[in-house]
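All remarks here apply to the structure that follows.
The values are calculated or read from the model by the stated rules, or taken from the named source; none is laboratory data. In this text, all values refer to a predicted model and were calculated from it rather than measured experimentally. No Cβ is skipped: glycine too gets one built from the backbone with ideal geometry, and neighbour counts run over all protein chains shown. In case anyone asks, the SASA skips ligands and DNA or RNA and just uses the protein heavy atoms, side chains included. Shrake-Rupley method; radii C 1.70, N 1.55, O 1.52, S 1.80 Å.
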Amino acid sequence: MQKNALHILLADDDEDDRLFFKDAFEEVKVQTNVEFVFDGLQLMEHLMNPDTKLPDILFLDLNMPKKTGKECLIEIKKTEHLKNLIIAIYSTSSSDEDIEDTFIEGANIYIKKPSDFNALKKIINEVVTLNWHYHTSGLNRDNFLLSLK
């Protein structure tokens, strides 16, 4: 792992989405290390392992087998050493219910997965360069859903 690189973890069961995500990160100007887990159960086992370096940002898909992203979010926020993780919901869902539920459960930002590679690069660049301290201190529904103009 590179020193001073941003440590990114993506929890997503879709291989094509993982590859798309990895390729986009390779083109972003911020130095990153990207790691993947394939389902919610693997995510929680990974985060609970005492030898795991916790990510700077966790991108969390909602629709995963074994344990959903929403279940993982709830568990993470109830776990003392994980509760302050920055969590970006990264989902194909744009339902108001999913957005509202994940906001209430403590996610930091909600991103609807783009189908366009350039849009994904733009989103990733915005998320990794966000001043999270400022962003999370005044979190409200209006700045929770990331939408690019």
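In the set Gln42, Gln31, which member is farther than 21 Å from Ile124 by Cβ and either touching a strand residue (DSSP E or B) at 6+ places or on another chain (Cβ under 9 Å) or without any contact (Cβ under 8 Å) to a residue 24 or more places away in the chain (or both)? Outline the logic, then answer.
On the way: Gln31 fails: farther than 21 Å from Ile124 by Cβ.
Within the list Gln42, Gln31, the selection yields Gln42.
Identify all residues within segment 42-57 that are open to solvent by less than 90 Å² (accessible area, probe 1.4 Å) and assigned to a helix (DSSP H, G or I); write none if there are none.
Passing the criteria: Gln42, Leu43, Met44, His46, Leu47, Met48.
Output yes when any residue across segment 70-90 is over 19 Å from Asp116 (Cα atoms), loosely packed, with under 13 Cβ neighbours inside 10 Å and touching a Lys or Arg at 6+ places or on another chain (Cβ under 6 Å), and no when none is.
yes
Which of the numbered conditions does Ser95 fail, given that it passes all the others? Conditions: (1) modelled with pLDDT under 90; (2) over 27 Å from Leu19 (Cα atoms).
The number of the failed condition is (2).
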